[in-house]
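Below you'll find the structure, written out as structure tokens, and then a few comments.
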Amino acid sequence: MDVLASARRGIVDVCHRLYDKGLIAGPDGNVSVRVGADRVLVTPGGMRKADVLAADLVEVTLAGERVGGERGPSSELAVHLRIYAARGDVRAVVHAHPPVATGFAVAGEGFPPSVLPELICQVGEVPLVPYAAPGTAELAARLDPYLAVHDAFLLANHGAVTTGPTLDVAHQRMESLEHAARIILAARLLGRVNTLTPAQAAELLAGRTPGGSGWVDR
């Protein structure tokens with residue numbers, strides 16, 4: 001299977017998984033994969049992700065010019081392209097509205113650092129990107145201060161974005177983000193969030209670099 005066909009199948013699968021897991025609703029969210037030096041495959045705008053098929057996907061250049069597909073690209077294309085331009089190691093981007101993680105973004109909070117080893121190693125620190133209207137160049141630009149050293153982002157009053165060296169990793173990070181959000185919220189409801197010591201967090205971070213697939217339980 002060639003790169004483009006594999007990317008099409010992967011994006012469709014991730015769209016359906018995001019929808020089935022409740023990480024998006026209706027036409028929410030968007031997914032993209034870098035398929036060449038100057039080519040990105042992305043979900044179409046305004047389409048329910050549970051219904052997306054391979055033929056619906058749109059191929060664009062890194063400048064945003066459509067070169068394949070019948071539909072228009074996602075309204076958040078600028079966010080995806082901004083990430084690809086800044087990070088040559090990123091091969092896939094997932095944007096979703098995971099309910100609990102997005103609740104942190106609505107509350108104006110990033111995730112507390114040094115709480116869960118899995119989050120530290122698989123996702124890294126998750127900053128809160130200041131609000132800008134969805135679908136705008138301003139929102140894409142708001143990511144700039146964070147792109148070099150982060151692989152996941154909460155968008156204030158909006159949702160979340162995860163990146164990865166593969167689509168599988170980017171998707172896994174989105175699921176891990178929401179799972180961690182639920183755990184942190186549960187700990188808060190129980191009255192206490194215990195953090196790791198700086199030494200414990202540093203030990204975990206020592207084996208992680210931005211863009212990598214991260215440590216996984218064995």
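For a quick check, take a GNM of the chain with Cα springs below 10 Å and name the residue from 198, 134, 73 with the largest mean-square fluctuation.
198
Provide the per residue accessible area, probe 1.4 Å, for the range 60-218, rounded to a whole number of square angstrom.
47 Å²
Computed over the Cα atoms, what is the radius of gyration of the chain divided by 2.2 N^0.38 Å, N being its residue count?
The value comes to 0.98.
How do 24, 183 stack up against each other in accessible area, from largest to smallest, with a 1.4 angstrom probe?
I get 183, 24, largest accessible area first.
Given a 1.4 Å probe and every protein chain left where it sits, what share in percent of the accessible area of the range 27-111 is carbon and sulfur?
Values: 1620 of 3250 Å².
Reported share for carbon and sulfur atoms: 50 percent.
Roughly how big is the range 123-192's charge dipole about its Cα centre, with Cβ charges of +1 (Lys, Arg) and -1 (Asp, Glu), in debye to the nearest 20? Kindly include the intermediate steps, with their values, before the conclusion.
Values: 5 positive and 7 negative charges, 69 e Å.
Once rounded to the nearest 20, the dipole reads 340 debye.
Along the charge dipole of the range 9-98, Cβ charges K/R +1 and D/E -1, which of 88, 18, 68 sits furthest on the positive end?
Farthest towards the positive end: 88.
As an exercise, take the mean of 1/r over every pair of distinct alpha carbons in the range 103-205, invert it, and state the Kirkwood radius in angstroms.
Working: mean 1/r = 0.0700 Å⁻¹.
Final number for the Kirkwood radius of the range 103-205 is 14.3 Å.
Which loop chymotrypsin sites (Phe, Trp or Tyr not before Pro) in the range 94-156, with loop taken from DSSP, have no more than 16 other Cβ atoms within 10 angstrom of their Cβ?
Values: sites: 104, 131, 146, 153; in loops: 131.
Here the sparse-neighbourhood loop sites are 131.
If you plug each phi of the range 42-47 into the Karplus form 6.51 cos²θ - 1.76 cosθ + 1.60 with θ = phi - 60°, what whole-Hz ³J(HN,Hα) values come out, in order, with x for Gly and Pro?
These are the phi-based 3J(HN,Hα) values: 9, 5, x, x, x, 10 Hz.
If the elastic network links every pair of Cα atoms under 10 Å, which of 192, 34, 82 fluctuates the most in the Gaussian network model of the chain?
192
Considering the chain as a Gaussian network with a 10 Å cut-off on Cα pairs, which listed residue, 129, 33, 52, attains the greatest mean-square fluctuation?
Most flexible of the set in this elastic network: 52.
The values are calculated or read from the model by the stated rules, or taken from the named source; none is laboratory data. The structure presented is a predicted model; accordingly, all values stated were derived computationally and were not measured. All Cβ positions, even for glycine, are placed from backbone atoms using ideal geometry, and neighbour counts span all protein chains on display. Ligands, DNA and RNA are stripped out before the accessible areas are found, and what is left, the full protein with its side chains, is counted by its heavy atoms. Shrake-Rupley method; radii C 1.70, N 1.55, O 1.52, S 1.80 Å.
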